[in-house]
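Here is the structure we will look at, set down as structure tokens.
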Amino acid sequence: MKNILITGGAGFIGSNFCHYWATRYPDDKLVVLDLLTYAGHREHLASLEKNNGLVFIQGDIGDKALVEKLFSNYMINCVVHFAAESHVDRSIDGPDAFIQTNIVGTHNLLKAAKKYWLDAGITEHHFHHVSTDEVYGSLETDAPAFTESTPFAPNSPYSASKAASDHLVRAYHHTYGLKVTTSNCSNNYGPYQDSEKLIPLIIQNILLGKSLPIYGDGKNIRDWLYVEDHCRAIDLILTKGVVGEVYNVGGENEWRNIDIVNLICEQVDAALLAEPQLLTAYPNTPCASGGLAKSLITFVKDRPGHDRRYAIDPSKCHAQLGYHPQESFETGIVKTILWMLHNQKKIQGTLG
């Protein structure tokens, strides 16, 4: 039985992981620590608190006393560390929060883990750190995908702060013997994602009849990973992964941003037409007046330091863990759109 401290568990990927884990391992104890900033929502976990005994604590991973208390009170033997500031644009405008949370906060967790596990002689423990492919920098269109041995070359304050946290996790393993693993994932999408990210932003702007802003020429390429596939990969790392190893988790779905937006426009229009009652719920969408969502596409000035391409080589996950994504982008995006269309109350803060 695991007593798992899940940091950032009220956020997008964290909340999906909590639902995934509670379904598959109902005997494990889940303890969520989340500060509930703009991207964290306790209501994402409401059913788990009520039915599965999940424990929620609102607090900061930088709070040393609180973190140590959680380790002790709940006899934590596993940490899955999602908590992070994660939006590139926000890191450009205000990098201080990214340094504090992603670097100092991660170090605080590592210190607490060392104190509670290693200094007390607890050998059965696991600290899993969730990171990003952005630590590797940018790729040209025809360049080989990132592997676990690709040198770090972060290009934004966000990715630089995540790279630093990756190094700290590695250091605590090699210096102190902390049992750690790290995963560097490609862009996630799916239910509960905050509207600052590309895919939910595009879907919600279509529903509101607002412009769909595309940076630059729209030809920046990303590898897209459906969030439940990411949760399955973390499961495999926790149960089969080698201590001290890094695993790149990809969706095997490279798409140009403009192609993603076009596909979303087509699929939202199709979903609305298939269920006419939704046109009443979302009267501002172009489809409600006989138009097309693509008419909302607008190209805007590119952001500073915009990486051209990210791509993950997941060969190590395949070979060592037997991991393969189950969702293609085409199937995953339909699931995401339908979830958003049928969960108006969950996103009404954006829809007004």
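A few remarks follow.
- Which numbered condition residue 135 fails, given (1) buried (at least 23 other Cβ atoms within 10 Å of the Cβ); (2) hydrophobic (A, V, I, L, M, F, W, C); (3) out of contact with any Phe, Trp or Tyr (no Cβ under 8 Å at 6 or more places or on another chain): (3)
- For segment 271-286, the tally of residues that are surrounded by 14 or more Cβ atoms within 10 Å (Cβ to Cβ) and without any contact (Cβ under 8 Å) to a residue 24 or more places away in the chain stands at 1.
- Scan of segment 30-40 for residues that are open to solvent by 60 Å² or more (accessible area, probe 1.4 Å) and either closer than 14 Å to residue 13 by Cα or modelled with pLDDT of 95 or more (or both), ordered by number: 35
- Failed item in (1) modelled with pLDDT of 95 or more; (2) among the aliphatic types (A, V, I, L, M); (3) under 16 Å from the mean Cα position of the chain (by Cα), with residue 109 passing the rest: (3)
- The residue list 337, 260, 264 contains one member that is under 24 Å from residue 159 (Cβ atoms), touching a residue at least 60 places away in the same chain (Cβ under 8 Å) and in a helix (DSSP H, G or I), which is 260.
- Members of segment 310-335 that are among the hydroxyl-bearing types (Ser, Thr, Tyr), more than 16 Å from residue 231 (Cα to Cα) and open to solvent by less than 10 Å² (accessible area, probe 1.4 Å): 310
- The set of residues in segment 308-324 that are outside any strand (DSSP E or B), in contact (Cβ under 8 Å) with a residue 40 or more places away in the chain and of a type in the set (A, V, I, L, M, F, W, C) comprises 311, 317, 321.
- Note on segment 1-56: among residues that are hydroxyl-bearing (Ser, Thr, Tyr) and outside any loop (DSSP other than H, G, I, E, B), the one that is nearest to residue 235 (Cα to Cα) is 20.
- Tally of residues being open to solvent by 20 Å² or more (accessible area, probe 1.4 Å), of a type in the set (Ser, Thr, Tyr) and in contact with a Lys or Arg (Cβ under 8 Å, 6 or more places away or on another chain) across segment 174-191: 1
- Looking across 305, 244, one residue alone is part of a loop (DSSP other than H, G, I, E, B), of a type outside the set (Phe, Trp, Tyr) and either surrounded by 15 or more Cβ atoms within 10 Å (Cβ to Cβ) or without any contact (Cβ under 8 Å) to a residue 12 or more places away in the chain (or both). It is 244.
- Boolean, residue 295 is over 30 Å from residue 223 (Cα atoms) and open to solvent by 50 Å² or more (accessible area, probe 1.4 Å): no
- Against the numbered list (1) modelled with pLDDT of 90 or more; (2) outside any loop (DSSP other than H, G, I, E, B), residue 284 comes up short only at (2).
- Residue count for segment 201-230, restricted to those that are within 13 Å of the chain's Cα centre (by Cα), assigned to a helix (DSSP H, G or I) and buried (at least 22 other Cβ atoms within 10 Å of the Cβ): 3
- Count of residues meeting criterion [open to solvent by less than 50 Å² (accessible area, probe 1.4 Å), in contact (Cβ under 8 Å) with a residue 60 or more places away in the chain and either closer than 25 Å to residue 305 by Cβ or part of a loop (DSSP other than H, G, I, E, B) (or both)] in segment 62-94: 11
The values are calculated or read from the model by the stated rules, or taken from the named source; none is laboratory data. What you are looking at is a predicted structure, and each value in this text was computed from that prediction instead of being measured. Note that each Cβ is placed from the backbone with ideal geometry, even for glycine, and that neighbours are counted across all protein chains shown. Quick note on the areas: whole protein, heavy atoms, side chains included, nothing else; ligands and nucleic acids left out. Shrake-Rupley method; radii C 1.70, N 1.55, O 1.52, S 1.80 Å.
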